[in-house]
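Report on the structure given below.
Read-outs throughout are calculated quantities, based only on the coordinates presented, and are distinct from any laboratory measurement. Being a predicted model, the structure only gives us computed values, none of them experimental. Here Cβ is always computed from backbone atoms with ideal geometry, including for glycine, and neighbour counts include all displayed protein chains.
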Amino acid sequence: MQHFFLPADAIKQDTVSFPPEIAHQIKHVLRLNEGMQVQVLDDQGALLRVCLLPEVDGRLEGNILERTYPKSEPTVQLSLCVSLTQREKFELILQKAVEVGVSSIQPFVSRYSLVREKTIQPKRRVRWQGILREAAEQSGRILIPKLHDVAILPHVIEQCAASSDLCLAAWEGEHIATLQRVLQEAQSKKEIQRIALFIGPEGGFAQQEMDLFQQHDVRSVSLGKRILRMETAAIVAPALVLYELGQMEL
């Protein structure tokens with residue numbers, strides 16, 4: 001059954017009103033007709049089973065048949081902190097991170113970042129929000145991961161260190177501490193509910209940045225013997241974290 005995230009003002013007590021772009025997708029792309037059912041999400045945790053009504057004056061609405069609150073989101077909130085990079089790579093990271101199960105994405109600019117924009121332009125933010133929404137719909141997410149504003153790396157480190165139970169930085173220079181070992185050690189000491197995972201740019205982290213990680217108790221971890229491209233690491237590492245923490249189970 002097709003999933004659609006709708007804004008709060010499109011959902012009433014018993015009916016939903018589909019925005020024009022989604023109505024167009026339903027009618028002309030998916031070719032769904034009156035009486036067929038779709039699933040609507042409010043991005044607040046509710047899943048609605050909706051029956052399509054006849055189109056009236058170009059407006060498409062649906063009756064809410066059932067309202068449930070699935071517990072399908074990971075219980076561990078994983079924030080992916082990733083360096084800005086070329087548009088194609090970053091958009092791939094956004095899409096796949098949603099599918100894997102991250103809770104939020106924090107873009108940052110560090111010393112070796114290829115893209116050094118300090119803000120996300122409005123047009124680009126709309127595009128990126130669309131990528132997040134579509135990936136959430138496709139993968140059956142109940143919530144759309146939050147996309148934070150771009151920040152410089154030192155600020156992100158300080159913020160994450162203050163709000164997370166565990167902070168990790170994937171670093172090719174780490175030859176002792178594996179991701180699995182660090183997660184197992186952390187779990188043995190306390191319950192882990194919030195994790196921040198740092199993935200650096202193509203040129204890696206500078207030594208000054210690694211020193212800053214250490215000052216804020218951010219653990220450097222190895223992802224294995226092979227050197228991964230940054231966009232590969234940004235997809236593989238979150239999946240490994242969630243798997244190790246039991247968040248990939250059925």
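Restricting Leu32, Leu48 to residues that are assigned to a strand (DSSP E or B) and free of Cβ contacts under 8 Å to residues at least 60 places away in the same chain narrows the list to Leu48. Can you name the residue in the stretch 135-169 that is in contact with a helix residue (DSSP H, G or I) (Cβ under 8 Å, 6 or more places away or on another chain) and part of a helix (DSSP H, G or I) and, of all such residues, is farthest from Gln215 (Cα to Cα)? Among those residues, the one meeting the criterion is Gln138.
Residues are listed down the side, and each one gets a yes or a no for (1) surrounded by fewer than 13 Cβ atoms within 10 Å (Cβ to Cβ); (2) among the β-branched types (Val, Ile, Thr):
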position: His155; (1), (2): yes, no
position: Asp165; (1), (2): no, no
position: Ala170; (1), (2): no, no
position: Glu174; (1), (2): no, no
position: Ala177; (1), (2): no, no
position: Glu185; (1), (2): yes, no
position: Ile192; (1), (2): no, yes
position: Ala196; (1), (2): no, no
position: Ile199; (1), (2): no, yes
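Considering the stretch 13-28 alone, what residues qualify as being farther than 16 Å from Glu137 by Cα and either in a helix (DSSP H, G or I) or touching a Ser or Thr at 6+ places or on another chain (Cβ under 8 Å) (or both)? Matches in the stretch 13-28: Pro20, His24, Lys27, His28. Inside the stretch 201-227, residues that are closer than 16 Å to Leu240 by Cα and loosely packed, with under 15 Cβ neighbours inside 10 Å make up a count of 4.
Of all the criteria given as (1) under 16 Å from Cys81 (Cβ atoms); (2) in a loop (DSSP other than H, G, I, E, B), the one not satisfied by Glu249 is (1). Checking each residue of the stretch 93-111 against the condition of being among the polar types (S, T, N, Q), touching a strand residue (DSSP E or B) at 6+ places or on another chain (Cβ under 6 Å) and farther than 29 Å from Ala46 by Cβ gives at least one match.
Note on the stretch 77-96: residues that are more than 11 Å from Met230 (Cβ to Cβ) and in contact with a Lys or Arg (Cβ under 9 Å, 6 or more places away or on another chain) total 5. Counting only residues that are closer than 16 Å to Gln247 by Cα and touching a helix residue (DSSP H, G or I) at 6+ places or on another chain (Cβ under 9 Å), the stretch 182-200 holds 8 of them.
Determine whether Glu249 is closer than 30 Å to Ala46 by Cα and loosely packed, with under 13 Cβ neighbours inside 10 Å. For Glu249, the condition - closer than 30 Å to Ala46 by Cα and loosely packed, with under 13 Cβ neighbours inside 10 Å - is met.
In the stretch 113-133, the qualifying residues are those that are over 18 Å from Gln77 (Cβ atoms) and surrounded by 16 or more Cβ atoms within 10 Å (Cβ to Cβ), and the one that is farthest from the chain's Cα centre (by Cα) is Ser113. Against the condition under 23 Å from Leu250 (Cα atoms) and not in a helix (DSSP H, G or I), how does Arg116 come out, does it pass? No, not satisfied.
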